[in-house]
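Shown next, in structure tokens, is the structure this report addresses.
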Amino acid sequence: MRRWPRSLSQRLALMFALGSAVLLGAICIFLYGSLAREIAWRDDQALAGRIERMRALIDESADLETLRRRPRLYDNMLGNRDSLLWILDDAGQVRIAVGPSGFNAPQLPPSDGRIALRTIEGRPALRLAWTRVAGADGHLTLIAGRLLAEREQMLAAYRLRLGLALAAGAVLAYLLGLAIAVRGLRPVRDLAGRAAAIDVRHLSQRLDTAGSLRELDALRDALNGMLARLEAGFAQLARFSEDLAHEMRTPLNNLMGQTQQALSRARSDEDYQNLLVSNQEEYERLARMIDSMLFLARTEQTAAALVRVPVALQELGDQLCEYFEGLAEERGMRLLNTASGTLAADRELLRRALANLLANALRYGEPGTTITLSSAVTASGIEIAVHNLGPAIGAEHLPHLFERFYRCDPSRQGAGESGGLGLAIVRSIMQLHGGEVRAESGAEGTRFVLIFPPDTKFVVDSS
Amino acid sequence: MTILIVEDEEKTADYLRKGLQEAGYPVQVASTGHEGRQLIAKEHYELVVLDVMLPGVDGWELLRLLRRSSGTPVMFLTARDAIEDRVKGLELGADDYLVKPFSYAEFLARVRTLLRRGGVRESERLQVADLELDLLRRRVTRAGERIDLTNKEFALLHLLLGREGEVLSRTTIASQVWQMNFDSDTNVVDVAIRRLRAKIDDPHPVKLIHTVRGVGYVLEARA
């Protein structure tokens, strides 16, 4: 199949030209048909008139001889070389023949007194009119004929002219269509130009609504939506880089400061050892931060890499409780796992999310209380919750808890802290699962809830 | 038992060489891909540690070359831990990989594993000094006295005993004992070690579990 041109205006012009050609063609065919019918009708009228005049002549003349002696009369009457005339008697004998030679009187069915018409196909083609009249010495058949060649020639010339006009019309229609399309598509080019003018530094700009066309609104809205998302993503990225730089400054500052201080004079081996151990802690902090950042960058960038398997929640909870048991006991806390059922999720990621939540609960929970890991099926989906008792988180912090590097208390910063990425990772893991994480905090403690969408495969334990 | 290190970053090559030499392995260092290629063609090595990003001939190329001629174990080091990179390395026939930054203890442990691979079968009874662990009966005794351990304490002791004399990082321990395959900033491992010590070491004058500051833990009988 031939490909359409790549240019929209050319395509439109071509369609316009095709449409015009079809329309013009139909009109040409109609006009030609009418003309041809009109000419044929007139010719027939002329033939019939000639028969009538012949009949009048025969009526006036005493006999055929008288008629034959006035050949000029028919000459004048017939007037041109296209016309033929025969007068036959009942025996089929040609009594009078006028016109170009070489034509024999045709065999025709008898006429009932009215004028009959017929076209004789052949080379050359003839149109005949005939009738039977009573003459002085018996009945006569009058035949008037006309050669169709001239008419055909004229019509053929007319067809040719029509065809040329049609072609010229189509070409004109194409050019006209092209001009219209180019002109009509100018708003699209303007829109493209305005969109192209928006670069990284002007991401806050939007394509204006003023003077825009209704058809382009959808495109413009889509572009504006894309710009909004780009701007948000870009702002997030910029904020993120800035945060990262800030967060790296603290450990780097410790590293540089304490190393320079230690090197400022000779020290004991133990001092050097202490310095190296302290440095090691800072390095690990940096490495963890980079790891977490990479993890976040990857999970946010693609929706891939989810390995969903059936995860027995009770078993996973028990494993996690076992892991944190020692830590909990040291703080005088207890871990209680009431989660149950089997959920289709990425085991490693779910483990990581819950481990982060449990570590958080252990960090901020009141000593002597119990941390509960539970699961429930609700209208909004499958929920896994970690609950701890302890000082409530201020309502103003709740919406920001899951942002990277967010700290409720900006002054609190220690090497043991999660570096402000733990909860961001939890959120990111839940986004990968198509779910979300929510935090509630009040007098009855703090609760972090992982919510998996209702269509996640979940099997309730049978017992 | 010579180990070849192909690494263009001078500091990295230097500390890896020092570390492996201190652990008792003869080491050669190549700082470019070309040099590495020449050495590989000429000598036989027990293990090749390969940086992937090398000037000239890169690590992948060397790995292909190595695999064509020998079954020498290869560990590759990379700063890019994109999954495709790891897959590529393992597909090309590398035996192990480490993503920078890695812990030195982790590196040494993996080197030992690679050199040991196909070697000793793990025994069912492990012993260091007067501490004994019977894997089949799940029993631990010290100086003939039975010690009761929880499942995880048993697993932890088994890991330390099985890798006697090796310094194990917290990450390795968390991953081997609790399947926590991500760096956690909690001190769970320290707490677990503390509890294990309370049962194994505290009642006895000779201590077996030692802290290597900034690195991890090691179980060994020290004179």
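Please treat every number below as a calculation from the coordinates, not as lab data. Predicted model, so just to flag it, every value in this text is computed and none were measured. Reconstructed Cβ throughout: ideal geometry from the backbone, glycine too, with neighbour counts over all protein chains shown.
Side notes on the structure shown:
- Cα-based radius of gyration of segment B:1-93 once divided by 2.2 N^0.38 Å, which approximates compact folds: 1.00
- Solvent-free Debye scattering, log10 I(q)/I(0), computed from the Cα coordinates of chain B at q = 0.11, 0.13, 0.14, 0.19 Å⁻¹: -0.62, -0.82, -0.91, -1.34
- Contour excess over end-to-end distance, with Cα ends at residue B:2 and residue B:148 and 0.36 nm allotted per residue: 48.3 nm
- Sparsely packed loop sites in segment B:25-65 (the GluC sites (Glu not before Pro) outside DSSP H, G, I, E and B with at most 12 other Cβ atoms within 10 Å) comprise B:43.
- Mean ellipticity per residue at 222 nm, deg cm²/dmol - from DSSP H runs of n ≥ 4 across chain A, formula -39500 (n - 2.57): -18500 deg cm²/dmol
- Amide hydrogen neighbours beyond the local backbone of residue A:390, cut-off 5 Å, H modeled: A:366, A:445, A:446
- Highest-MSF residue in chain B out of B:141, B:78, B:172 [GNM, Cα springs under 10 Å]: B:141
- With neighbour counts taken as other beta-carbon atoms within 10 Å, the residues A:323, A:32 rank, fewest first, as A:32, A:323.
- For residue A:230 and residue A:22, a Förster radius of 56 Å and the Cβ-Cβ distance give a FRET efficiency of 0.75, rounded to the nearest 0.05.
- Once backbone amide H atoms are built at 1.01 Å from N, residue B:97 has B:76 as its partners under 5 Å, excluding neighbours fewer than 5 places away on the same chain.
- Chain A: relative contact order as a whole-number percent, Cα under 8 Å and 6+ apart: 11 percent
- Using a simple spin-label model with pseudo-atoms 7 Å out from Cα toward Cβ, residue A:66 and residue A:52 lie 2.3 nm apart.
- Per the Kirkwood formula applied to alpha carbons, segment B:141-223 shows a radius of gyration over Rh ratio, Rg over Rh, of 0.95.
- Residue exposure sequence - A:402, A:240, A:452 - by fewest surrounding Cβ within 10 Å: A:240, A:402, A:452
- Counts of other chain beta carbons within 10 angstrom of each beta carbon in peptide A:319-331 average 5.
- Taking 0.36 nm per residue of separation and subtracting the Cα-Cα distance, full extension of the segment from residue A:252 to residue A:192 would add 16.9 nm.
- Cα pair distances in the protein assembly as shown, grouped into 20 Å bins until the bin that holds the longest one, percent each: 12, 28, 20, 10, 8, 11, 9, 2, 0
- Loop-resident trypsin sites (Lys or Arg not before Pro) (DSSP state other than H, G, I, E or B) in segment B:49-143 with no more than 14 further Cβ atoms inside 10 Å of their Cβ: B:80, B:117, B:121, B:137, B:138.
- Using θ = phi - 60° and Karplus 6.51 cos²θ - 1.76 cosθ + 1.60, couplings along segment A:148-164 (whole Hz; Gly, Pro as x): 8, 4, 5, 4, 4, 4, 5, 5, 5, 4, 5, 4, 4, 4, 4, x, 4
- Sorted by Cβ density within 10 Å, fewest first, the residues B:18, B:100, B:152: B:18, B:100, B:152
- Full extension of the chain between residue A:400 and residue A:329 yields a length gain of 22.5 nm, computed as 0.36 nm times the residue separation minus the alpha carbon distance.
- Under 5 Å, built H, 5+ apart or other chain: amide partners of residue B:139: B:134
- Aspartates and glutamates with Cα under 19 Å of residue B:42, excluding same-chain neighbours fewer than 8 positions away: B:7, B:58, B:61
- Residues in segment A:446-458 carry Karplus couplings, in order, of 10, 10, 9, 10, 8, 10, 8, x, x, 7, 5, 5, 9 Hz; the curve used is 6.51 cos²θ - 1.76 cosθ + 1.60 with θ = phi - 60°, and Gly or Pro positions show x.
- Selection of trypsin sites (Lys or Arg not before Pro), segment A:223-285, meeting DSSP coil and at most 15 other Cβ within 10 Å: A:265, A:267
- The phi torsions of segment B:207-223, fed into the Karplus equation with coefficients 6.51, -1.76 and 1.60 and a -60° offset, translate into couplings of 8, 10, 8, 10, 8, 9, 4, x, 10, x, 10, 9, 10, 6, 8, 9, 5 Hz, rounded to whole numbers, with Gly and Pro shown as x.
- What separates the Cα centres of segment A:5-19 and segment B:91-113 is a distance of 64 Å.
- The P(r) of segment A:214-298 has a tail past 22 Å containing 53 percent of all C-alpha pairs.
- For the listed residue pairs B:100/B:152; B:100/B:207; B:11/B:88; B:18/B:199, the alpha carbons are over 28 angstrom apart in B:100/B:152; B:100/B:207; B:18/B:199.
- FRET efficiency estimate (nearest 0.05) - Cβ-Cβ, residue A:175 to residue B:80, R0 45 angstrom: 0.20
- Ellipticity estimate at 222 nm from DSSP helix runs (n ≥ 4, -39,500 (n - 2.57)) divided over chain B, nearest 500: -12500 deg cm²/dmol
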